[in-house]
Amino acid sequence: MKILPVKGTRDFYPEEMALHNWIVDGWKKASIRNGFEEYDGPIFEYLQMYQVKSGDEIVEQLFSFKDRGERDLAIRPEITPTLARMVNQKINALPKPIKWFSLPRLCRAERPQKGRLREFFQWNIDIIGEDSVLADAEVIFTTVDYLREVGLTPKDIKVKISSRKLLATVLKKIGVPDEKLNPLYTLLDKKVKLPAEVFSTTLTEQVGGEMAGRIIAFMGSQTITSIENIVKAEAGDQLEVAIKELEDCACRLNQMGISDYCVFDPGIVRGLAYYTGIVFEVHDIQGDLRAICGGGRYDNLLRDFGGPAVSATGMGMGDCVLEILLREKGLLDKKITSRTLDYYVVPIAGELLDEAVKLTAGLRTKGFKSAFSYKAAGLSKQLKNASEQNAKFCVIIGDEFKAGNVVVKDMASGQQKTVPLEDFLGNPEKF
RNA sequence: GUGAGAGUAGCUCAGUUGGAUAGAGCAUCGGAUUGUGGUUCCGAGGGUCGCGGGUUCGAAUCCCGUCUUUCACCCCA
């Protein structure tokens, strides 16, 4: 009976695993050099935890089950609720600001499509307990730090930055009533995907022509300062605060040297309601992929999970879209493989296999990645095997072993020399 | 959950109007090659044509169902 892999899942054969590890290791290194510490939680939690933030419709989009004690559980579709739970549990004991990262494996019961599977990995970084936009800037910097390291340039991607606070205050000043804000966010979030006319008509249906015109003008703003042409800020009001935050953030990003990656874009809304301040997404410049990552400030989340009102800001990046983009940009063409060896030991005759096994074990004991041929096939074939496994050196055990010697061959240059086995094993790197 | 396209060897694909034993390249394994790799040459293995049903003298080919997959919608934490 043939059993297929489950829809929307991936098998990681060694080749794919090597690539996956390369991505995950990059995330990890970028996190650590930016001062984040790793955490993780269980891969399933109480189903209720995911309903707190996102409501009941979320249940349709995750894998849930009952355990034998009739508890409603769910495989984690995101890790932020776990983070909130973990931080809340120890909030008083943790030094602030809390800078944590995680590389969770997540599952969502959605229909797979481009850049979106039912099981995936996501890089998460969060800074908790710091109100300053410096924290938002640091989250953005860490994100760019990674993307830049893997070879993406300002010609490939842009960090589009806006502010939920800005959007909310602008909409209120324009005259949108509070109860219409959330449905409006959903519509505004779709602006780039909809034809301009459809967007305009739908918007007019929701708020009327006059407001719609001003909202469209706001959404088209190229700079932070030009917003005041549409709505006026007054001293001390929320709009002034929001503008100041965005300007401060831009200033920090400039100090950090990544301005060329960043752009103000009031079209960035982010789907869910819990964002409270700066929000951002990274997009490919061509714009034919979904967002590479998204994040922002969510100052109420810990409180919503039964903790104190502690501010937080963070980012999440999935592996699927990232991999598609890197492949399109030719950044995965270089060899990413787990098949490498320091030494490949070649016995020429069957009776020399004993020596090959002993020598290989000796090299491994000294910490060198080494392998031997299982059978004493022709030298030519064994050298070919060594090449295929990307061996740096071959150690040939043949006739010269009668005099206690082996031949060490540099696979890159082809040069080789005969050396006493004892000397070689004593200090392999010398040869 | 809704809609559209696709499914032939491990991979990429060919297969005439429905016709006889379903092919190629790459990959794998073996040999040329009993002391010199990345090239080359020769050979082999590998298929329930996704699965089930129907039409037909005859189906990889046509029809229906189903599964998988791709893309879009919903949603996007």
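Is region A:323-338 home to any residue that is within 11 Å of RNA strand B (Cβ to nearest atom), under 30 Å from A:Leu147 (Cβ atoms) and modelled with pLDDT of 90 or more?
Yes: region A:323-338 contains one or more residues that are within 11 Å of RNA strand B (Cβ to nearest atom), under 30 Å from A:Leu147 (Cβ atoms) and modelled with pLDDT of 90 or more.
For the subset of region A:275-299 comprising residues that are near RNA strand B (Cβ under 9 Å from one of its atoms) and in a loop (DSSP other than H, G, I, E, B), which member is farthest from A:Gln113 (Cα to Cα)?
In this case the residue turns out to be A:Tyr275.
Let's see how each residue does on (1) under 19 Å from A:Glu328 (Cβ atoms); (2) in contact (Cβ under 8 Å) with a residue 40 or more places away in the chain; (3) among the polar types (S, T, N, Q):
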| position | (1), (2), (3) |
| --- | --- |
| A:Gly115 | yes, yes, no |
| A:Gly129 | no, yes, no |
| A:Ile140 | no, yes, no |
| A:Val150 | yes, yes, no |
| A:Pro154 | yes, yes, no |
| A:Ser162 | no, yes, yes |
| A:Lys165 | no, yes, no |
| A:Thr169 | no, yes, yes |
| A:Leu187 | no, no, no |
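Can you tell me which of A:Ala109, A:Ala84 is surrounded by 18 or more Cβ atoms within 10 Å (Cβ to Cβ) and touching a Leu at 6+ places or on another chain (Cβ under 8 Å)? Even if it seems obvious, please write down each step before you answer.
Values: A:Ala109 fails: surrounded by 18 or more Cβ atoms within 10 Å (Cβ to Cβ).
Matching residue, one of A:Ala109, A:Ala84: A:Ala84.
Do the conditions hold for A:Val192, that is, is it β-branched (Val, Ile, Thr), closer than 19 Å to A:Glu247 by Cβ and in a loop (DSSP other than H, G, I, E, B)?
Spelling it out, it is not the case that A:Val192 is β-branched (Val, Ile, Thr), closer than 19 Å to A:Glu247 by Cβ and in a loop (DSSP other than H, G, I, E, B).
Answer yes or no as to whether A:Thr169 is within 24 Å of A:Ile32 (Cα to Cα), in a helix (DSSP H, G or I) and either touching a His at 6+ places or on another chain (Cβ under 8 Å) or away from RNA strand B (no atom under 11 Å from the Cβ) (or both). I'd like the intermediate steps shown before the answer.
Details: within 24 Å of A:Ile32 (Cα to Cα): no; in a helix (DSSP H, G or I): yes; either touching a His at 6+ places or on another chain (Cβ under 8 Å) or away from RNA strand B (no atom under 11 Å from the Cβ) (or both): yes.
In short, no.
Can you tell me which residues in region A:217-238 are part of a loop (DSSP other than H, G, I, E, B) and touching a residue at least 60 places away in the same chain (Cβ under 8 Å)?
Kept after step one, since they are part of a loop (DSSP other than H, G, I, E, B), are these residues of region A:217-238: A:220-224, A:230-237.
Matches in region A:217-238: A:Ile230, A:Val231, A:Asp237.
For region A:215-237, state whether one or more residues are closer than 24 Å to A:Ile127 by Cβ and polar (S, T, N, Q).
Taking region A:215-237 first, the residues closer than 24 Å to A:Ile127 by Cβ are A:224.
Right, trim to polar (S, T, N, Q) and you get none.
Taking every residue of region A:215-237 in turn, none turns out to be closer than 24 Å to A:Ile127 by Cβ and polar (S, T, N, Q).
The values are calculated or read from the model by the stated rules, or taken from the named source; none is laboratory data. Since the structure is predicted, the reported quantities are computational estimates derived from the model, not experimental observations. Methodologically, a virtual Cβ is constructed for each residue, glycine included, from the backbone with ideal geometry; neighbour enumeration extends over all protein chains shown.
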